[in-house]
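Written below as structure tokens is the structure these notes are about.
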Amino acid sequence: MASSSSSLTTGRRTGSKLKSMKLLEVLNALEEEESGQSREEIFIAPPNNASGDFTDEDSGDEDGRRGTHLPGNVLHASVVPEDSGTGEEDDDLQLQPAMKKQKAVVEPQHVWTKRDIRPDFTSWTASDPHMEDLKSQELSPVGFFELFFDEGTINFIVNETNRYAWQKNVNLGLTAQELKCVLGILILSGYISYPRRRMFWETSPDSHHHLVADAIRRDRFELIFSYLHFADNSELDESDRFAKVRPLIVRMNYNFQKHAPLEEFYSFGESMCEYFGHRGSKRLPAGKPVRLGYKIWCGTTSRGYLVWFEPSQGTLFTKPDRGLDLGGSMVVKFVDALQTRGCLPYHIFFDKVFTSVKLMSILRKKGVKATGTVREYRTERCPLKDPRELKRMKRGSFDYKVDESEEIIVCRWHDSSVVNICSNAVGIEPAGLTSHHSGAAKTQAQVHQPSLLRLYQEKVGGVGRMDQNIAKYKVKIRGMKWYSSFIGYVIDAALNNAWQLHRICCHDAQVDLLAFRRYVACVYLESNADTSSQGRRSRRLETESRFDMIGHWIIHQDKRTRCALCHSQTNTRCEKCQKGVHAKCFRAYHIR
């Protein structure tokens, strides 16, 4: 909250009267929901002035508040209704300044016909020369990560951090080498975490971590981390709640799009950046792994590579356009970002939060295919069979209609529940069969499934896959600034994207996500360690060159030395690593 007077808002009301609730009551109510059918959200208003110095700090405890362990002043704050900004205006009370009454826009009449869709999109024939170039470079995991946190981005963060420290009368003198050490510690905290981050440097045998302690001194890390900055405070846009990190968002989006695999199918959805502090544009959506934090609009490939992202600021700061709601407007922005690489027949998949017949029409005019589940009130009164009637029919039954003028199909399908789905590119045929588990009979039954539903189920999960990858080993260290958790999210997203590219380009050296993150963290901490102070190791392992699978040859040596793997005597060594190693140990030594 921006101050003690800031309010929390939710989409709940009783009858026509506002029910005053406490945040603790709302959290408990959401936890008790059995089916997760409602989509109520908690919204805590961020600071009104993004350029104020107070937005650089957060009154929360930096050492790992988790779950609903929130301070009493937040748990007992009053809750009032407000529009959630996701397009569900039916039951929400909008607490925004009164708007002037505008003339009603005449909507086009839709003529619905019972036939299959006849799309006029061109087929996908695009190639990806950039990906072929990446494959030829034979990059290491660190090389893939530095496609996103490249030299320009590192130098930019160094300059802005030094500028901010200078504005606070502190001569920080941060270097790119020290910043990489900080990044290495943040990455390492994703799979090795302590209740207090200072335990990394403690001399106690149960907590001391020599890789961190040898890389950078504790007080130096704390000083750098406290002044870490990503924008010039004298040039902030006061209308942007995320002005403090906007330059980093722009750079990351550019790098993500530049190196993204060129594919036909993409997913669009919501992701959550965990945050438990007092300030920020926070939401609490039901049914999400992260229940409290910033909501981020994300466009990904079907495998989970993050192509484009934008933190949500609500309808008060982000005005929808083209007669769409906020979610639909974000889909259009993602499509515009995709089309900077060429106006190709991309196919976008999203869920009912975003889908409407109007959005399908706009994307069709842009030459983009789209498919998504849709709420009934957004189907432009498409005359389909009543859901109650469809439920009385056998599983696999469906009804469909096509808009004659727009070539947009709306289909209602009965499986375990009734699903509405809309598309401007895929129709009913060829219909197939899908297995359905019958709980009562404990058997697998085959039910009919339209083509657009089958394709939707195959391709829509990109954002969910990205969320799973980020949640496994996400950065655990957070600071006192309200945006520190968002920075951790950006680092995790960059690592996820780097790993996705590594899987595509390096078929012969596949590693899982944990091994990939460990590799990057170890290289950053070992190759950028401060060796000038007493007690520092004068010799560092050449981790990156050891595992890069390039130019390693076994040669004879006159003097026998110990094998770097089995530690017995050997008269052979690796020419590149300059380490003694047996022929039988050579392969195992160079593969993690």
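So the values come out like this:
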{"quantity": "Any hit, region 455-471, residues being closer than 30 Å to residue 122 by Cα, not small (Gly, Ala, Ser), not assigned by the TED database to the domain that holds residue 353 and not in a loop (DSSP other than H, G, I, E, B)", "calculated": "no"}
{"quantity": "Scan of region 200-213 for residues that are over 23 Å from residue 161 (Cα atoms) and assigned to a helix (DSSP H, G or I), ordered by number", "calculated": "200, 210, 211"}
{"quantity": "Matching residues, region 297-311, being surrounded by fewer than 24 Cβ atoms within 10 Å (Cβ to Cβ) and among the small types (Gly, Ala, Ser)", "calculated": "302, 304"}
{"quantity": "Residue in region 428-436 that is of a type outside the set (A, V, I, L, M, F, W, C), surrounded by 21 or more Cβ atoms within 10 Å (Cβ to Cβ) and touching a helix residue (DSSP H, G or I) at 6+ places or on another chain (Cβ under 8 Å) present", "calculated": "no"}
{"quantity": "Hits in region 450-468 - residues which are open to solvent by less than 20 Å² (accessible area, probe 1.4 Å) and either out of contact with any strand residue (DSSP E or B) (no Cβ under 8 Å at 6 or more places or on another chain) or more than 13 Å from residue 426 (Cα to Cα) (or both)", "calculated": "462, 463, 466"}
{"quantity": "For residue 511: the one exception among (1) assigned by the TED database to the domain that holds residue 182; (2) crowded, with 24+ Cβ neighbours inside 10 Å", "calculated": "(2)"}
{"quantity": "Selection within region 547-560 - of a type outside the set (Phe, Trp, Tyr) and either open to solvent by 50 Å² or more (accessible area, probe 1.4 Å) or at pLDDT below 85 (or both)", "calculated": "548, 549, 550, 551, 552, 554, 555, 556, 558, 559, 560"}
{"quantity": "Where residue 215 falls short, out of the listed (1) open to solvent by less than 10 Å² (accessible area, probe 1.4 Å); (2) within 30 Å of residue 305 (Cα to Cα)", "calculated": "(2)"}
{"quantity": "Of the criteria (1) within 30 Å of residue 305 (Cβ to Cβ); (2) open to solvent by 10 Å² or more (accessible area, probe 1.4 Å); (3) assigned to a loop (DSSP other than H, G, I, E, B), which one residue 230 fails", "calculated": "(2)"}
{"quantity": "Residue match in region 243-255 (condition: farther than 16 Å from residue 484 by Cα, assigned to a helix (DSSP H, G or I), of a type in the set (Ser, Thr, Tyr) and touching a helix residue (DSSP H, G or I) at 6+ places or on another chain (Cβ under 8 Å))", "calculated": "no"}
{"quantity": "Test: residue in region 190-198 that is over 23 Å from residue 499 (Cα atoms) and not basic (Lys, Arg)", "calculated": "yes"}
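The rows are residues; the columns are (1) in contact with a strand residue (DSSP E or B) (Cβ under 9 Å, 6 or more places away or on another chain); (2) at pLDDT 95 or above; (3) open to solvent by less than 10 Å² (accessible area, probe 1.4 Å).
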position	(1), (2), (3)
485	yes, no, no
495	no, yes, yes
507	no, no, no
526	no, no, no
532	no, no, no
535	no, no, no
541	no, no, no
545	no, no, no
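This table checks each residue for (1) modelled with pLDDT under 95; (2) closer than 26 Å to residue 253 by Cα; (3) in a loop (DSSP other than H, G, I, E, B).
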| position | (1), (2), (3) |
| --- | --- |
| 154 | no, yes, no |
| 160 | no, yes, no |
| 173 | yes, no, yes |
| 183 | no, yes, no |
| 187 | no, yes, no |
| 198 | yes, no, no |
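The values are calculated or read from the model by the stated rules, or taken from the named source; none is laboratory data. Predicted model only: the values in this text are computed from it and were never measured. Positions of Cβ are generated from backbone atoms using ideal geometry, with glycine treated the same way; all protein chains shown enter the neighbour counts. When the accessible area is computed, the model is the full protein with side chains, heavy atoms only, and any ligands, DNA or RNA have been set aside. Shrake-Rupley method; radii C 1.70, N 1.55, O 1.52, S 1.80 Å.
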